[in-house]
1. May I ask you to list the residues in the stretch 414-428 that are within 23 Å of the chain's Cα centre (by Cα) and part of a helix (DSSP H, G or I)?
2. Checking residue 158 against (1) touching a residue at least 12 places away in the same chain (Cβ under 8 Å); (2) surrounded by fewer than 22 Cβ atoms within 10 Å (Cβ to Cβ); (3) part of a helix (DSSP H, G or I), which single condition isn't satisfied?
3. Answer yes or no as to whether residue 357 is part of a helix (DSSP H, G or I) and either out of contact with any helix residue (DSSP H, G or I) (no Cβ under 7 Å at 6 or more places or on another chain) or within 25 Å of residue 140 (Cα to Cα) (or both).
4. Only one of 375, 352 is surrounded by fewer than 20 Cβ atoms within 10 Å (Cβ to Cβ) and at positive phi. Can you tell me which?
5. In this structure, is residue 222 surrounded by fewer than 22 Cβ atoms within 10 Å (Cβ to Cβ) and farther than 21 Å from residue 130 by Cα?
6. Of everything in the stretch 38-50, what is outside any helix (DSSP H, G or I) and surrounded by 15 or more Cβ atoms within 10 Å (Cβ to Cβ)? Give them in sequence order.
7. Given the options 346, 330, 370, 334, name the one that is in contact with a strand residue (DSSP E or B) (Cβ under 8 Å, 6 or more places away or on another chain) and within 17 Å of residue 279 (Cβ to Cβ).
8. Can you find, within the stretch 373-413, the residue that is farthest from residue 344 (Cα to Cα) among those that are outside any helix (DSSP H, G or I) and either touching a strand residue (DSSP E or B) at 6+ places or on another chain (Cβ under 7 Å) or without any contact (Cβ under 8 Å) to a residue 40 or more places away in the chain (or both)?
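The values are calculated or read from the model by the stated rules, or taken from the named source; none is laboratory data. Here the structure is a predicted model, which means the values were calculated and not measured. Please note: Cβ atoms are built from the backbone with ideal geometry, for glycine as well, and neighbour counts cover all protein chains shown.
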């Protein structure tokens with residue numbers, strides 16, 4: 001039996017260590033390396049003690065201890081560090097060897113790396129890995145894309161360590177060529193931003209508006225676990241709301257209300273703008289974090305405007321159910337917008353992404369795992385050409401059922417002075433998307449008036465453009481037309 005490793009992993013931070021231990025648990029022999037080699041010994045003498053994990057103390061040592069074709073997974077910080085390791089690895093690799101980037105890389109970087117390494121005979125995979133430390137250790141969601149020739153060699157390992165559905169399906173499958181895997185992971189993270197903000201908006205409305213006590217809030221989220229809202233983020237929110245500090249009070253109330261971010265939500269919003277996809281909810285969730293970061297400014301402005309939050313009157317149970325419906329409907333819009341962006345990128349780059357399989361990748365293991373991802377998969381299996389998730393009968397029914405309560409919650413939040421950017425943007429998007437006619441006719445007239453940008457007419461075929469000399473002082477020459 002060969003003593004060489006099945007795969008090498010570079011990077012022994014928590015995610016790297018946990019993935020290595022996960023691989024070892026599933027019978028794969030792993031070679032572990034870290035640029036600070038003392039961490040290799042610490043790992044082997046600590047968490048990896050008694051395992052079959054092998055240590056490496058240089059990149060040459062790492063390469064020499066791997067079966068061919070060599071498979072090396074990078075679990076390092078995205079950006080220049082990835083390129084630095086790739087450049088340092090190349091002298092020790094041979095044609096047909098495989099490099100896997102398991103970090104949160106931006107998909108254009110993955111596009112570039114796949115092509116550059118293909119020219120050198122090296123097969124590159126950019127794979128999103130979601131689930132945090134726990135997922136990495138016990139089963140993450142894995143979203144690989146890149147050089148498809150490499151998939152057959154890494155498939156047993158990546159599917160082996162991935163989370164599994166109740167039916168035993170691995171939450172890992174080939175996403176598509178080039179940067180498809182990292183693009184899907186980026187959208188996953190954007191949806192994660194949206195989900196978290198939606199939950200925070202529901203929490204604030206119920207706590208500060210309806211006036212639920214700490215015990216009532218904890219009980220509410222525990223009850224929501226038993227509904228269609230059942231998800232990892234609802235689960236941990238219930239746990240957080242119930243967690244008490246050493247003095248017996250709720251810890252969450254002592255945490256400063258300024259949110260951090262690492263950039264993947266921002267990337268999702270930027271790409272939505274580039275592709276012309278109205279990713280309104282996720283983009284609002286990014287801006288909500290930006291607003292939260294202005295803590296000192298907010299405190300000063302609250303005093304300047306004498307800001308208070310009005311009391312939401314009425315039966316608490318009625319409001320709790322209304323908020324639950326509003327949260328569920330808004331969450332559906334977030335996923336619908338996310339899949340619209342994935343579809344646009346897939347068609348633009350010819351990635352041929354399977355949208356039902358993408359939903360399956362997120363069914364377990366990842367941060368946005370939730371009950372209705374199975375319904376999303378069913379929707380796309382029934383209709384692979386489904387453009388808007390809300391058009392599927394199951395999701396359409398939920399949206400229609402929630403509509404009255406959804407409007408009531410958003411309207412009351414405005415009346416009471418409770419910020420609700422994501423729930424409001426979700427219902428506004430749906431109102432716009434389901435409107436046969438919007439006031440863009442006036443907007444096009446304005447553009448034509450000041451910039452001769454032209455317009456189409458309702459009484460003429462699509463594709464014919466017209467310009468009007470609105471003032472009699474302008475010319476008849478039209479500007480170029482740009483369609484988002």
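1. Once the filter is applied, which keeps residues that are within 23 Å of the chain's Cα centre (by Cα) and part of a helix (DSSP H, G or I), the stretch 414-428 yields 421, 422, 423, 424, 425, 426, 427, 428.
2. Of (1) touching a residue at least 12 places away in the same chain (Cβ under 8 Å); (2) surrounded by fewer than 22 Cβ atoms within 10 Å (Cβ to Cβ); (3) part of a helix (DSSP H, G or I), only one is false for residue 158: (2).
3. Considered against the rule, which asks whether it is part of a helix (DSSP H, G or I) and either out of contact with any helix residue (DSSP H, G or I) (no Cβ under 7 Å at 6 or more places or on another chain) or within 25 Å of residue 140 (Cα to Cα) (or both), residue 357 comes out as yes.
4. Of the residues listed, the single one that is surrounded by fewer than 20 Cβ atoms within 10 Å (Cβ to Cβ) and at positive phi is 352.
5. So residue 222 fits the description; yes.
6. 47, 48
7. Checking each option against the conditions leaves just 346.
8. The residue in question is 392.
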